[in-house]
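The values are calculated or read from the model by the stated rules, or taken from the named source; none is laboratory data. Small disclaimer: the values here were computed from a predicted structure and weren't measured. Every residue, glycine among them, receives a Cβ derived from its backbone with ideal geometry; neighbour counts consider all protein chains shown. Surface areas here come from the heavy atoms of the whole protein model, side chains and all, with no ligands, DNA or RNA. Shrake-Rupley method; radii C 1.70, N 1.55, O 1.52, S 1.80 Å.
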Amino acid sequence: MEHVDFMHLVRLSEQACEQDATAYRRSVWWFAVLGYAMVILLALAAFGVLIAIWLAHGTQGFRGWMVWGGVAALALLWVCLRALMTRFEPPEGHRLQADDAPELFKALERIRRAVKGPAIDVVMIDASFNASIMQRPRFGLFGHTNYLTIGWPMLCALEPKRLLAVIAHEYGHLRGEHGKFSAWVYRTRTAWWRMYTTYEDDDSPVSWLLRRFFVWYIPRFNARTFALARQDEYEADRIAARICGADVVGQAWNEIEIKSRWYDAEYWRRLWRRAAQQEQPDPMPHADMVQRLLEPPPQAFAQEALRQAMQQLPSYDDTHPVPKDRLAALGAKPEVPGWSRKPALALLGPAARRVAQHFDREWWNEMRRDWARHREHLTGCRDRIRDLKARAAELSADEWVEWAQCFEALSTDDPSAFYQRALQRDPRHAEAMRRLAAHHVDAGDPHALALLERLQAEHVHHGYAACTMAQELMDRLHHAGEEVTSQARRVWRERRERFEQIEQQAWESFSTTHPCTDACAPRWSEPERKQLVDELIRTPDVAAAWVGGKQVAAMPGRAYLVLFVRLKKVDEALGRELVRQLMHRLPFGGRLLVTMVDLYVREADMLAAGAQPVYQRQR
């Protein structure tokens, strides 16, 4: 299905939900039944064929066609039964019993009574900055186990009443009959997608038959149920507001938006910098979160994180409302909140210490070798700085940039002075100009516009990045109350549109061809390699990685790179998420393509294209 057709169906479902919610839910139910009915009919047809073969054998004796017909029918029956019995893996984490954290379980029972929902069967603590409720089927389509998972970072970052507001939101998804129906639809959406991915790469005729049905059915089912899923999010917020108060829920969402971004962008980066001084983190990361995540982020960071959150636009790729719409529905303001004063860990009681030790023990077992490697890297950066400092008077622009990158690896201080020295050596040095401009933009310095003006004029392959940074800076300045002329906005918008066309042509040429075609040796610097390895070390799901170069005729001056990543376990959904995260985090500005070995690319093709190993996680 084309994306425009999918969006059209989503809009129709939203209109139907607004006009008559009961009729809309009924139509969703019937369409869901259609999917299961199709699979059941195929299973019955396969069973009928087996009976017919058995009867024919009794009257005609053995015939060769019976073997082929029986094998095909058995294969179809097996495929249909697998589809109906889709397995949902239980959430991972540290399981809590009622005796471990009586205060938490008492609070959950109060919320359950208020929501009039089912009991939580299993409470888990995991290492994510999140909270979720999952219903896991016990026997295929029948029965389920309710799991509540609370992230340890969230327990450290929020005070008890705000955490309970988040839990009340999650519990709201299980409310009454509507909650049961919504939860069933959610499980059904997930089950259909897993069925499709199971048979996507299976070339057997039986799987081909089911796959053709899935290709037609799944996008239509997702579009029809989209309005229901988004409406359910708003209803869960209203339930949380009724139980805990709209102000508490709004403040919780504001604090989560800010602190989760600080956690992703800064917490782990600062922790890994400690490898320069410590052979082993002391305190360990999850124990340290108790203090660090309760501390208010810097005011400038908080305001910028909130501004970015409020600029998010609704998407048909995610059923969750964007923060701006969620807060508006609650009648809450998007503002830097009064920060939580004590963590919600009091709800865990003595179990909190054991949980922290559990996660730290798991983390250290996983990361001890990578910590040692990163320590060696930071030691090398320190030694390199010492060498460069000894001959500072004669350094080239490239060496000043290298010094700056080593400095950034070791410190949170501003490295702008090093990039300025690089530009004194070579006023047209592209990398120094781009990185210096980026730091000025992060600081909200209006003087960055002059530097961005030069960058887009002198380096076409950085033109789009320069325009993007300029527009971001003007938005920040406007948000801070400074005047930004409409002419300046228009000039940078027109430039961005022009560079966007150039970039689009180059990106299409780069990304739509196979990652292994037009291959060449990767062109990148040693600091860039180290930055890539550092990011891979901090990404625990990565087992190994290779890097290759790629030639793109539309942008011959740019060194394009392809990062081939192998996961610890093949997982389509995880692979897509890691592709998104790595392309966002890695500082290669539109010249990096991330792909997954064994999911999208065969290892043999990758090696034949000359990809070079860059990382192997130690066991």
Practice problem: Determine how large the accessible area of W507 is when every protein chain is in place; take a 1.4 Å probe and give Å² rounded to the nearest 10. | Solution: 80
Exercise. Please report how far the C-alpha centroid of segment 537-583 lies from that of segment 286-300, rounded to the nearest whole angstrom.
Key: 31
Quiz item: With r defined as the distance between the Cβ atoms of V336 and L12 and R0 fixed at 51 Å, what FRET efficiency is calculated, to the nearest 0.05?
Solution: 0.85
Quiz item: Only one of the listed values, [x] 3, 12, 21, 25, 21, 11, 4, 2, 0, 0; [y] 3, 13, 18, 23, 22, 14, 5, 1; [z] 3, 15, 24, 25, 18, 10, 4, 1, 0, was derived from the coordinates as P(r) over Cα pairs in 10 Å bins from 0, in percent; which label is it?
Solution: [x]
Quiz prompt | Calculated FRET value between R242 and W184, using beta carbons and R₀ = 25 Å, to 0.05 | solution = 0.60
Quiz item: Zone of D475 (label point 7 Å along Cα→Cβ, backbone N under 20 Å): which residues in segment 246-270?
Solution: 254-266
Exercise. Keeping every protein chain in place, order M134, M367 by accessible area at 1.4 Å, biggest value first, i.e. largest first.
Key: M134, M367
Self-check item: Antiparallel bridge percentage (DSSP; both residues within the chain; nearest 5)
Solution: 70
Quiz item: If ligands, DNA and RNA are left out, what is the accessible area of E89 with a 1.4 Å probe, given in Å² to the nearest 10?
Solution: 110
Quiz item: Which FRET efficiency value, to the nearest 0.05, is calculated for A52 and D318 with the Förster distance at 51 angstrom and r the Cβ-Cβ distance?
Solution: 0.60
Quiz item: What full-extension length gain, to one decimal in nm, is calculated for T517 and E89 as 0.36 nm per residue of separation minus the Cα-Cα distance?
Solution: 150.4 nm
Quiz item: By accessible area of protein heavy atoms, probe 1.4 Å, what ranking do F105, F213, F221 get, highest first?
Solution: F105, F213, F221
Quiz item: How much solvent-accessible surface does E335 expose, in Å² to the nearest 10, with a 1.4 Å probe and all protein chains in place?
Solution: 80
Practice problem: Using θ = phi - 60° and the Karplus relation 6.51 cos²θ - 1.76 cosθ + 1.60, list the HN-Hα couplings for segment 450-466 in order, rounded to whole Hz, with x at every Gly or Pro. | Solution: 5, 5, 5, 4, 5, 4, 6, 7, 9, 9, 4, 6, 10, x, 5, 4, 4
Quiz prompt | lysines with Cα under 16 Å of K116, excluding same-chain neighbours fewer than 8 positions away | solution = K106, K180
Exercise. Order the following by accessible area, largest value first: D605, D232. Probe radius 1.4 Å; ligands, DNA and RNA are ignored.
Key: D605, D232
Quiz prompt | Per-residue HN-Hα couplings for segment 533-538 [Karplus 6.51, -1.76, 1.60; θ = phi - 60°; Hz; x = Gly/Pro] | solution = 4, 4, 5, 5, 4, 7
Exercise. Just grab the label-to-label distance for D398 and L410, each label 7 Å out from Cα along the Cβ direction, in nm (one decimal).
Key: 2.2
Quiz item: How many Å² of accessible area per residue for the chain, probe 1.4 Å?
Solution: 50
Exercise. Could you tell me what percent of the accessible area of segment 423-517 is made up of carbon and sulfur, with a 1.4 Å probe and every protein chain present?
Key: 49
Quiz prompt | Isolated Cys in the chain, by beta carbon distance under 4.7 Å | solution = C17, C80, C156, C244, C467, C516, C520
Self-check item: Lys/Arg +1, Asp/Glu -1 at C-beta; the chain dipole; positive extreme among A252, A506, T517
Solution: A252
Self-check item: Shape parameters for segment 454-553, alpha-carbon atoms, Rg then Dmax in Å
Solution: 18.0, 50
Self-check item: Pairwise label distance in nanometres, A98 with T485, each label 7 Å out on the Cα-Cβ vector
Solution: 7.1
Quiz item: Mean 1/r over all different Cα pairs, inverted: what Kirkwood radius does segment 512-613 give, in Å?
Solution: 13.7
